[in-house]
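The next block holds one structure in the form of C-alpha cells; read it before the comments.
The numbers here are math on the coordinates, done by the rules we state, and not lab data. Note that the coordinates shown come from a computational prediction; the quantities given were computed from them, not determined experimentally. As a convention, Cβ positions derive from the backbone with ideal geometry for all residues, glycine included, and neighbour counts pool all protein chains shown.
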C-alpha cells in the first residue's frame, strides 16, 4: 500500500496552490494522510480526486475544518497501527510530546506535522514520521511516501520539491 503523507499546506495563506509534484505522488497512492494546517477545506476536496484522504486538523485550521476532522486519528493499515495528529507548541521537543501522547495506544507509526521539518526516526520501536511542510520555501517543500506491506518493514521516501 502506497500512502502519500503531507502536512502544513497552508493554502492560501502561505502557498497559493498545491504544487504539481504533490498531485503526481497522490495520483500514484492508495491513500493520502494529511496531518493538519490545510487552512482551506478545498485542499482536502482537491486531494480526494486522487485517493481517499484521512486527515486531522491543525492549530491554524478554521472552524469548518476543526468540526470535520478530529485532533487525532488512529488507523489500522496492512497490520500497522498508525496514530496521527498535527502537534502544538514549540518545535523543540515536539517528537517527545507526541510520542508520550500516543505511547499507551501501542502504535507502530506516529504521523505528525506542525514543525515544518521533515523527520523520520525510530523511537522505542515506533516510526515517528513528520512529512515536513508542503508550504515550505522552494527546494525545501517536503512530503513523504510511506509504503506498507503486511509483515514487511515500512519504507519511507522523502519527497523534496
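With Kirkwood's inverse mean 1/r over C-alpha pairs for Rh, give me the Rg to Rh ratio of the stretch 72-161, two decimals please.
Across the stretch 72-161, the Cα-based Rg/Rh ratio is 0.96.
Please list log₁₀ I(q)/I(0) at q = 0.09, 0.17 Å⁻¹ for the stretch 2-160, using the Debye equation with identical point scatterers on the alpha-carbon positions.
-0.24, -0.93
Which residue fluctuates the most in the chain, going by a Gaussian network model with Cα springs under 10 Å, if the choices are 129, 73, 33?
73
For the stretch 46-100, what Kirkwood radius comes out of the mean inverse Cα-Cα distance, in Å?
After inverting the mean inverse Cα-Cα distance, the result is 13.0 Å.
How much length would be gained if the chain were fully extended between residue 161 and residue 117, taking 0.36 nm per residue of separation minus their Cα-Cα distance, in nm to one decimal?
14.5 nm is the gain from fully extending residue 161 to residue 117.
Please rank 91, 141, 14, fewest neighbouring Cβ atoms within 10 Å first, as an exposure proxy.
By the 10 Å Cβ count, ascending, the order reads 91, 14, 141.
Fewest to most neighbouring Cβ within 10 Å: what's the order for 80, 69, 63?
Arranged by neighbour count, lowest to highest, 80, 69, 63 become 63, 80, 69.
Using Cβ counts within 10 Å as a stand-in for footprinting exposure, how do 45, 110, 32 rank, fewest first? List each step's numbers first, then the result.
Values: 45 10, 110 25, 32 22.
Going from sparsest to densest Cβ surroundings: 45, 32, 110.
Find how much the distance from residue 149 to residue 67 grows on full extension, using 0.36 nm per residue of separation minus their present alpha carbon separation; answer in nm with one decimal.
Between residue 149 and residue 67, full extension yields 26.3 nm more.
In a GNM of the chain with a 10 Å cut-off on Cα contacts, which of 115, 104, 29 has the highest mean-square fluctuation?
104
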